[in-house]
Each structure stands twice: as structure tokens, then as C-alpha cells.
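Notes for the one structure printed next.
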Amino acid sequence: NAGVTQTPKFQVLKTGQSMTLQCAQDMNHEYMSWYRQDPGMGLRLIHYSVGAGITDQGEVPNGYNVSRSTTEDFPLRLLSAAPSQTSVYFCASSYSGVGANYEQYFGPGTRLTVT
Amino acid sequence: ILNVEQSPQSLHVQEGDSTNFTCSFPSSNFYALHWYRWETAKSPEALFVMTLNGDEKKKGRISATLNTKEGYSYLYIKGSQPEDSATYLCAPGGGATNKLIFGTGTLLAVQP
């Protein structure tokens, strides 16, 4: 199993550009999520999904879009990049269900710089 | 939005010292408490998932306890080693999904 994969590993964007960060998992996990990591802020939840066709907002959703057309893939779209979106982005997946008692598996991260 | 607090923010210890960290969270609407270990330049990895008041979990030299009534969890490391150097994150989960809200973490540095 590859686990959770993310592409690209690094990306530099100009302000106003759009792009999609890819995330895929091969563990048949229902739950997938996107976090951003900023110094002193820990991991903040951007969007999450509990299955194909179902997505919801996390703590910091503004400026980002997601969709979940398959169980395996959960892309994150930056609509119009801003310097405030410079961050490291992590995708994570897990089994889902009432109780939140399934450990999450994290991808290797995408380091994004917006100039 | 859950308010999750971890203390201390950072900790520097000598090899062989034992140490512990605290995670505080609102006790209402509680479902589970996760601990993750995050080494520099790597991805977070799960240490423990605890759900019941009084839960105690152990993995090697690392153990954790949970008090859901007062809303806190302790992580203990016995005889710290340099390879224990990492950021330790806690994350309570609530609701009908596996949604987690992470604390800002405790950065542990173990000097040889």
C-alpha cells in the first residue's frame, strides 16, 4: 500500500494564480481531510469529507474549494492564491464513524509559497 | 470550534530524564482523544487513540492517560532518548465523523 500520497511536494505560485493540490489514498478510508501548518498555529483543518460526494468546512475554509468524486481522491483547490496561503499542506485519511476513534494517516505534505 | 490547549509549548530535557505534557480540552461533546508524534521534516504519526474516562495506553516508554470529566490528558515519556525529540500533538474529536481539532503541540528536545 502506498498509504496517503500528495502531489506536488513543492509549489511556488504568484498572487492570483489558481492551482490544485492532489491527495490520494489506497486504504479505502471514508474520511479525508486537509490541514495547513503554520508556525505557532499547529495543524488547522481546512475542509474534510466523510465519503464520496460529501464535504464540509473546517476551521479555515476561506479561499479553498474541495470535492470528493471518488473514495480515493480528495483534491484541494486554491481559487486565487494569496501570500497568506503560504503554508505546508497535509492531507490525512482514516476510517469514519460516530466516535472519532480511528487514527488518521497523513501524507508527506505540500510546501506552497505564494509570492 | 473546540479550544485545545497544550503545555508546555516546548521542553528541553537531558537524555534519561522522564517528562510529561498536558492536553486540555472542553469536556462536553467529547468522543475521543488522539495523540500524534511529529518529527521534523516528516508527517504526524498516531501514538494513541483514547475514548474512555480513565483510559491508559502504553507504547514502549511512552504512555498516556485520559480524564474526560475534567477535560485533560497527560502524555508521559520515561527515560527520554534523543530519538524522542519531536512535536507531540493532541487532538480531541467530536461528532458523527472522525473530525479532529489539533492543539498547537509540545516541542520536545532531548539532549544526548
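The values are calculated or read from the model by the stated rules, or taken from the named source; none is laboratory data. Note that this is a predicted model, so its numbers are computed, not measured. Glycine gets a Cβ as well: all are built from the backbone with ideal geometry, and neighbour counts include every protein chain shown. Keep in mind that these areas ignore ligands, DNA and RNA; they rest on the heavy atoms of the full protein, side chains included. Shrake-Rupley method; radii C 1.70, N 1.55, O 1.52, S 1.80 Å.
Annotation note: of B:SER63, B:SER28, B:SER24, the sole residue that is over 25 Å from A:TYR48 (Cα atoms) and of a type in the set (Gly, Ala, Ser) is B:SER63. Of the residues contained in segment A:82-92, none is found to be within 13 Å of another protein chain (Cβ to nearest Cβ), surrounded by fewer than 21 Cβ atoms within 10 Å (Cβ to Cβ), within 23 Å of B:THR40 (Cβ to Cβ) and without any contact (Cβ under 8 Å) to a residue 40 or more places away in the chain. Filtering segment B:1-38 to residues that are farther than 12 Å from B:ILE101 by Cβ and either hydroxyl-bearing (Ser, Thr, Tyr) or in contact with an Asp or Glu (Cβ under 8 Å, 6 or more places away or on another chain) (or both) leaves B:SER7, B:SER10, B:SER18, B:THR19, B:THR22, B:SER24, B:SER27, B:SER28, B:TYR36, B:ARG37, B:TRP38. Kindly evaluate B:LYS57 against the criterion of being part of a strand (DSSP E or B), among the basic types (Lys, Arg) and surrounded by fewer than 19 Cβ atoms within 10 Å (Cβ to Cβ). Criteria met by B:LYS57.
Return the residue satisfying two criteria in turn: it lies in segment A:93-109 and is within 10 Å of the chain's Cα centre (by Cα) and more than 17 Å from A:MET41 (Cβ to Cβ), and of such residues it is nearest to the other protein chains (Cβ to nearest Cβ). Here the residue is A:GLY107. Here segment B:68-112 is the region considered, the condition is being among the charged types (D, E, K, R) and modelled with pLDDT under 95, and the residue that is most open to solvent (accessible area, probe 1.4 Å) is B:LYS69.
Just the residues that are open to solvent by 60 Å² or more (accessible area, probe 1.4 Å), within 17 Å of B:LEU100 (Cα to Cα), not in a strand (DSSP E or B) and not hydrophobic (A, V, I, L, M, F, W, C), please, taken from segment A:29-58. Of everything in segment A:29-58, just one residue is open to solvent by 60 Å² or more (accessible area, probe 1.4 Å), within 17 Å of B:LEU100 (Cα to Cα), not in a strand (DSSP E or B) and not hydrophobic (A, V, I, L, M, F, W, C), namely A:GLU30. When A:MET41 is tested against the conditions (1) within 12 Å of chain B (Cβ to nearest Cβ); (2) of a type outside the set (Phe, Trp, Tyr); (3) within 14 Å of the chain's Cα centre (by Cα), the lone failure is (3).
Residues to consider are B:LEU89, B:LEU66, B:LEU75; find the one that is in a strand (DSSP E or B), within 14 Å of chain A (Cβ to nearest Cβ) and in contact (Cβ under 8 Å) with a residue 40 or more places away in the chain.
Testing whether each residue is in a strand (DSSP E or B), within 14 Å of chain A (Cβ to nearest Cβ) and in contact (Cβ under 8 Å) with a residue 40 or more places away in the chain leaves just B:LEU89.
Yes or no: B:GLY105 facing another protein chain (nearest Cβ under 10 Å) and on the phi > 0 side of the Ramachandran plot? Yes, satisfied. Can you confirm whether segment A:65-77 contains a residue that is open to solvent by 70 Å² or more (accessible area, probe 1.4 Å), among the aliphatic types (A, V, I, L, M) and in contact with a Phe, Trp or Tyr (Cβ under 9 Å, 6 or more places away or on another chain)? So far as segment A:65-77 goes, no, none of its residues is open to solvent by 70 Å² or more (accessible area, probe 1.4 Å), among the aliphatic types (A, V, I, L, M) and in contact with a Phe, Trp or Tyr (Cβ under 9 Å, 6 or more places away or on another chain).
State whether the residues of segment B:13-28 include one that is within 24 Å of A:TYR105 (Cα to Cα) and among the charged types (D, E, K, R). Scanning segment B:13-28, I find no residue that is within 24 Å of A:TYR105 (Cα to Cα) and among the charged types (D, E, K, R), so the answer is no.
Conditions (1) over 21 Å from A:SER93 (Cβ atoms); (2) within 9 Å of another protein chain (Cβ to nearest Cβ), marked per residue:
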{"position": "B:CYS23", "(1), (2)": "yes, no"}
{"position": "B:TRP35", "(1), (2)": "no, no"}
{"position": "B:THR40", "(1), (2)": "yes, no"}
{"position": "B:LYS58", "(1), (2)": "yes, no"}
{"position": "B:LYS99", "(1), (2)": "no, yes"}
